[in-house]
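Structure first, then comments.
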Amino acid sequence: MESPPLLKISHLKKYFEIERTQILKAVDDINLSISSGETLGIVGESGCGKSTLGRTIMGLYQKTEGSIAFNGVDIDKMNTSERFQMHRRMQMIFQDPYASLNPRSTVLELIAEPMDVHKTCKNNKERRARVERLLEEVGLNRGFLNRYPHEFSGGQRQRIGIARALALDPDFIIADEPISALDVSVQAQVVDLLKRLQKEKGLTMMFIAHDLSMVKYISSRIGVMYLGHLVELTTSRNLYEKPLHPYTQALLSAIPIPDPDIEEKRERIILKGELPSPINPPTGCVFRTRCPFVMAICAKERPNFVEVEDGHFAACHLHSDKPGLARPLAKAPSHEPG
Ligand SMILES: Nc1ncnc2c1ncn2[C@@H]1O[C@H](COP(=O)(O)OP(=O)(O)OP(=O)(O)O)[C@@H](O)[C@H]1O
Ligand SMILES: [Mg+2]
């Protein structure tokens, strides 16, 4: 029998109540699964719900609706001890290495904290040795044990955050924009480190980023989010070579191409209008107010998230499961180079 995906989320929603009358739909009906050993990239503009998705999966936020299954077991059906064990196997690397490390703790305390909570070391000697080994694994000096976070650069701090996430030997890591707060010069180093660790340890990873340039390099599949929704999901290669959703096409057209001749000639898709508020999202398709291909049906019906081709999912009436209804009103500019 085929083994279940390591993580499967179905119809996951996370709504925040803003005052008593307003609901902010940060994550709205997301379906996806991640197989053991794969890296799934999640991309989308600031505020589209990436961190909320990650935090809800981690259990840092209580979900509003939907289900989350880890290794085939629904988390709602787990008892306290099973849930505690699951949390040991699931760790998060946070977006901001400056805010996520307690400034009053030493590197030893920071990295050892998850081990202390789960009581995984027999004594102080073992604890210290384990932290030293983790420091080496993430490319830091063993001698850093008694230093404080403020003594380190952003890249080094993120390495400390990574060592901390690895402390319990997890199966699954959610890396929430682990490089976006770092200098461009160290971003690739941290991505390389994550890629190496992923391979060596057989980790399953969800790698969150706000643009598509670095995600391709680390992810086997990529999901694109817009205003709380997953609008497209496929292999990295498919996403770059034949993106189906107009939003994905626009995101791709924003990535600079290193060849100046192509770069000069290619057309960009500039999205019109502002990102709508998740408190008052557009009816029907949430992307329709900015979509160059908008059609009459888009305001009326929310497109289903359907498998358009083998393993390639999109939520768009252009690729709808009701073919008779999907007719473009206007042709949008091509995003192809040249
Ligand atoms: N704790 C919270 N309470 C209320 N609203 C929240 C909370 N956390 C996030 N939001 C709102 O939910 C939406 C999604 O936020 P989220 O932080 O998940 O986006 P993001 O995609 O991670 O953005 P960024 O790329 O800037 O990190 C935003 O409108 C945000 O203001
Ligand atoms: Mg975020």
Residue that is nearest to the chain's Cα centre (by Cα) [pool: residues in segment 282-307 that are of a type in the set (Val, Ile, Thr) and part of a helix (DSSP H, G or I)]: Thr289
Flag if Gly37 is more than 24 Å from Pro282 (Cβ to Cβ), touching a Gly at 6+ places or on another chain (Cβ under 6 Å) and surrounded by fewer than 23 Cβ atoms within 10 Å (Cβ to Cβ): yes
Candidate set from segment 188-209 (those that are closer than 21 Å to Ala254 by Cβ and surrounded by 19 or more Cβ atoms within 10 Å (Cβ to Cβ)); member that is nearest to ligand 1 (Cβ to nearest atom): Ile208
First in segment 265-281 and assigned to a loop (DSSP other than H, G, I, E, B), second anywhere and open to solvent by 80 Å² or more (accessible area, probe 1.4 Å), Cβ under 9 Å, 6 or more apart: Arg266/Glu336; Glu267/Glu336; Leu275/Ser46
Subset of segment 106-122 [under 18 Å from Gly155 (Cα atoms) and open to solvent by 20 Å² or more (accessible area, probe 1.4 Å)]: Leu108
Filtered residue count, segment 5-28, keeping only those that are of a type outside the set (Asp, Glu) and closer than 13 Å to Asn280 by Cα: 9
Among the residues listed as Ser36, Ser51, the single one being within 16 Å of ligand 2 (Cβ to nearest atom) and either touching a residue at least 60 places away in the same chain (Cβ under 8 Å) or more than 18 Å from Phe172 (Cα to Cα) (or both): Ser51
Test set (1) outside any loop (DSSP other than H, G, I, E, B); (2) out of contact with any Lys or Arg (no Cβ under 8 Å at 6 or more places or on another chain); (3) within 13 Å of ligand 2 (Cβ to nearest atom) - Glu45 fails condition number: (1)
Residue, farthest from ligand 2 (Cβ to nearest atom), within segment 61-88, restricted to residues that are surrounded by fewer than 13 Cβ atoms within 10 Å (Cβ to Cβ) and part of a loop (DSSP other than H, G, I, E, B): Asn79
Criterion violated by Tyr247 - all others in (1) without any contact (Cβ under 8 Å) to a residue 60 or more places away in the chain; (2) in contact with a Gly (Cβ under 6 Å, 6 or more places away or on another chain); (3) closer than 24 Å to Thr289 by Cα satisfied: (2)
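For every residue, the table says whether it meets (1) touching a helix residue (DSSP H, G or I) at 6+ places or on another chain (Cβ under 9 Å); (2) surrounded by fewer than 14 Cβ atoms within 10 Å (Cβ to Cβ); (3) of a type in the set (Asp, Glu).
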residue	(1), (2), (3)
Lys216	yes, no, no
Leu244	yes, no, no
Gln249	no, no, no
Ile257	yes, yes, no
Glu267	yes, yes, yes
Gly284	yes, no, no
Met295	yes, no, no
Strands (runs of 3 or more DSSP E) completely within segment 168-240 that count 1 or more residues being touching a residue at least 12 places away in the same chain (Cβ under 8 Å) and farther than 22 Å from Glu45 by Cα: 172-176, 204-209
Sole residue being touching a helix residue (DSSP H, G or I) at 6+ places or on another chain (Cβ under 7 Å), among the hydroxyl-bearing types (Ser, Thr, Tyr) and surrounded by fewer than 24 Cβ atoms within 10 Å (Cβ to Cβ), chosen from Ser253, Ser220, Ser185, Ser180: Ser220
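The values are calculated or read from the model by the stated rules, or taken from the named source; none is laboratory data. Only a predicted model underlies this, so the values are computations on that prediction, with no experimental measurement involved. Cβ atoms come from the backbone with ideal geometry, glycine included; neighbour counts cover every protein chain shown. All accessible areas refer to the heavy atoms of the entire protein, side chains included, with ligands and DNA or RNA removed. Shrake-Rupley method; radii C 1.70, N 1.55, O 1.52, S 1.80 Å.
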